[in-house]
Amino acid sequence: MRRSYRSRIYPNRTQVRTLLATLETCRRLYNNALAERRDAWKEKQRSVTYTHQANALAAGKDELQVHSQVLQDVLRRLKKAFDAFFRRVKNGEVPGHPRFKGKGRYDSFTYPQSGFSLSEDGEHVTLSKIGSVRIKLHRPVEGAIKTLTITRDVDQWYAVFSCEVEAGPRMNANPSVGIDVGLKKFATLSDGTVIDNPRVLRESERKIKRAQRRVSRRRKGSNRRKKAKRVLAKTHRRVRNQRRDFAHKLSRKLADSYSTITFEKLNIMNMVKNHHLAKSIIDASWNQLIQFTTYKAEGAGGRVELVDPKNTSQMCSRCGVLVKKTLSVRVHECWNCGLTIDRDLNAAINIQDRSGWEPPDAPVELETASKREASLLVGG
Ligand SMILES: [Zn+2]
């Protein structure tokens, strides 16, 4: 099982220059390799493979200032982009050809196996061709480090270690839970717990809107606009970090409290199509929460299940009939069995019911069933 550790690093000025030069070298290589693939296809209907490009790279030896495996990884990223492109073509989807990366649009590079080491005390990371950089680890890195990715976020730098760790013991004794994610509330749990949208995030979103307006007011190409853009990028970064913190804390709680945690399978296509700012931020938060919960649950001996979202809010969670309601109807009132509960709680219970979770033994089953009945009565 893979786990990643993301930590801020503090390069000195010379190192920042080298890091920026590395990103630029990677970006050029990416664009050149992309052009080679594209031209070969256009002119001779021939595909250029990763192996071919990697061999050419090894023969060239003209990028000596960057670690060779880092450059190979650039070609591997391009290969992945093309693989995804061909897969979409094959599936008859809108393909979207891999695109050239503009200046400043290439923000990370990866050491896929070697070329880096973490000091014994965990205070420095040594990067081949760059040097020893100060690092601030939040928790000790566990397991075997497989890859290291260095990322730029506006004017800050981060190291992401991807490690192979042993999965925890299978199946813990905690109860199962279904989770309905929503717009008004962040999430509703099938045991009746409601998790509100974090206030700090709502405030930050207002700040993003303000910063965005400032950018659009300023004249194109002006220094004032450049400055405003930088402020906007930093505000985005703050929100990203706050969102990540929130997802980390909540996923930790979920993984520690439940054995099987069930979410709806989110529709990625709808998520991409949605350009509305607040909505897209929330979509990204859900996705992040599911990812974090998945690996934390695995570490704690539990698991995450994703189930079909069809009719989870319309179906009655007690008797199974469909109770049609628009988005504005906040209470589920069953015409058949009379169940009256909060709309999102009804959905969360349906989501839990669709998981493959089986109660470990009879007494526990009775207990959870009666608990649920109790929460149904107070809900709504
Ligand atoms: Zn019913």
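The values are calculated or read from the model by the stated rules, or taken from the named source; none is laboratory data. A quick note: this is a predicted structure, and the numbers were derived from the prediction, not measured. All Cβ positions, even for glycine, are placed from backbone atoms using ideal geometry, and neighbour counts span all protein chains on display. Please note that ligands, DNA and RNA were not included when accessible areas were found on the heavy atoms of the full protein model with its side chains. Shrake-Rupley method; radii C 1.70, N 1.55, O 1.52, S 1.80 Å.
Quick one: dipole size for the chain, taken about the Cα centre, charges +1 on Lys/Arg Cβ and -1 on Asp/Glu Cβ, in debye to the nearest 20.
The dipole of the chain has a size of about 3400 debye.
How do the peptides 102-112, 123-133, 188-198 rank, highest first, by the average count of neighbouring beta carbon atoms within 10 Å per residue? Mind showing how you got there, number by number?
Details: 102-112: 15.5, 123-133: 17.4, 188-198: 18.9.
With the highest mean Cβ count within 10 Å placed first, the list reads 188-198, 123-133, 102-112.
Taking 21 Å as the cut-off for C-alpha to C-alpha distance, list the pairs among LYS80/LYS265; LYS146/LYS234; LYS207/LYS249; LYS209/LYS249; LYS80/LYS101 that go past it.
On the way: LYS80/LYS265 24 Å; LYS146/LYS234 30 Å; LYS207/LYS249 23 Å; LYS209/LYS249 26 Å; LYS80/LYS101 15 Å.
Violating the 21 Å limit, Cα to Cα: LYS80/LYS265; LYS146/LYS234; LYS207/LYS249; LYS209/LYS249.
On the protein heavy atoms, probe 1.4 angstrom, tell me the percent of accessible surface of the range 189-270 carried by carbon and sulfur. Show your work: numbers first, answer last.
On the way: 2500 of 5220 Å².
Here it works out to 48 percent.
If you take the charge dipole of the chain about its Cα centre, with +1 on Lys and Arg Cβ and -1 on Asp and Glu Cβ, which of VAL133, MET315, ASN12 is farthest toward its positive end?
So the residue furthest toward the plus end is ASN12.
Go through LEU183, SER222, VAL200 and say which Cα lies farthest out towards the positive end of the charge dipole of the range 179-231; charges sit on Cβ, +1 for Lys and Arg, -1 for Asp and Glu.
SER222
Give the list, by residue number, of cysteines in the chain with no other Cys Cβ closer than 4.7 Å, or say none.
Here CYS26, CYS163 come out as lacking a disulfide-compatible partner, given the Cβ-Cβ threshold of under 4.7 Å.
Below 8 Å, C-alpha to C-alpha, sequence gap of six or more: please give me the relative contact order for the chain in percent.
Once normalised by length, the contact order is 16 percent.
Which loop-located trypsin sites (Lys or Arg not before Pro) does the range 202-237 contain, where loop means any DSSP state but H, G, I, E or B and the Cβ has at most 16 other Cβ atoms within 10 Å?
Answer by residue number: ARG218, ARG219, LYS220.
Measure off, as a whole percent, the carbon and sulfur share of the 1.4 Å-probe accessible area of the range 63-108, all protein chains present. Mind dumping the intermediate values first?
Numbers: 1570 of 3020 Å².
Here carbon and sulfur together make up 52 percent of the probe-accessible area.
Counting Lys and Arg as +1 and Asp and Glu as -1, each charge on the Cβ, what is the dipole of the range 93-242 about the Cα centre in debye, to the nearest 20?
Numbers: 35 positive and 15 negative charges, 475 e Å.
That gives the range 93-242 a dipole magnitude of about 2280 debye.
Give me the distance between the Cα centres of the range 46-92 and the range 118-148, rounded to whole Å.
27
Given a Förster distance of 51 angstrom, what is the FRET efficiency for LEU266 paired with ASN55, based on the Cβ-Cβ distance and rounded to 0.05?
According to the calculation, E is roughly 0.80.
Using only the Cα atoms of the chain, what semi-axes does the equivalent ellipsoid have when each is the square root of 5 times a gyration tensor eigenvalue? Give whole Å, largest first.
The three semi-axes for the chain are 43, 25, 23 Å.
What fraction of the DSSP beta bridges in the chain is antiparallel, stated in percent and rounded to the nearest 5?
The answer is about 85 percent antiparallel.
Could you sort 291-300, 28-37 so that the peptide with the highest average Cβ count within 10 Å comes first and the rest follow in order?
On the way: 291-300: 19.5, 28-37: 17.6.
Packing proxy ranking, top to bottom: 291-300, 28-37.
Restricting everything to alpha-carbon atoms, can you work out Rg to Rh for the range 87-142 with a Kirkwood hydrodynamic radius?
Values: Rg = 18.4 Å, Rh = 15.1 Å.
For the range 87-142, the value is 1.22.
Provide TRP286, TRP335, TRP41 ordered by accessible surface of protein heavy atoms (probe 1.4 Å), highest first.
The most accessible residue leads, giving TRP335, TRP41, TRP286.
If contacts are Cα pairs under 8 angstrom and at least 6 residues apart, what is the relative contact order of the range 2-164 in percent?
35
Residue farthest toward the positive end of the dipole of the chain, with Cβ of Lys/Arg at +1 and Asp/Glu at -1: which of ILE341, LEU64, LEU266?
LEU64
Under the rule a/c < 1.5 gives rounded, and otherwise a/b versus b/c splits prolate from oblate, where does the range 95-232 land using the Cα gyration tensor?
Values: a/c = 2.09, a/b = 1.05, b/c = 1.99.
Here the range 95-232 falls in the oblate category.
Quick one: the Cα spread of the range 2-164 along its three principal axes, in angstroms, biggest first?
Principal axes ranked by extent give 54, 34, 28 Å for the Cα atoms.
Across the Cα atoms of the range 108-169, what radius of gyration and what greatest pairwise Cα-Cα distance (Dmax) are found, in Å?
Calculated on Cα positions, Rg and Dmax stand at 12.1, 41 Å.
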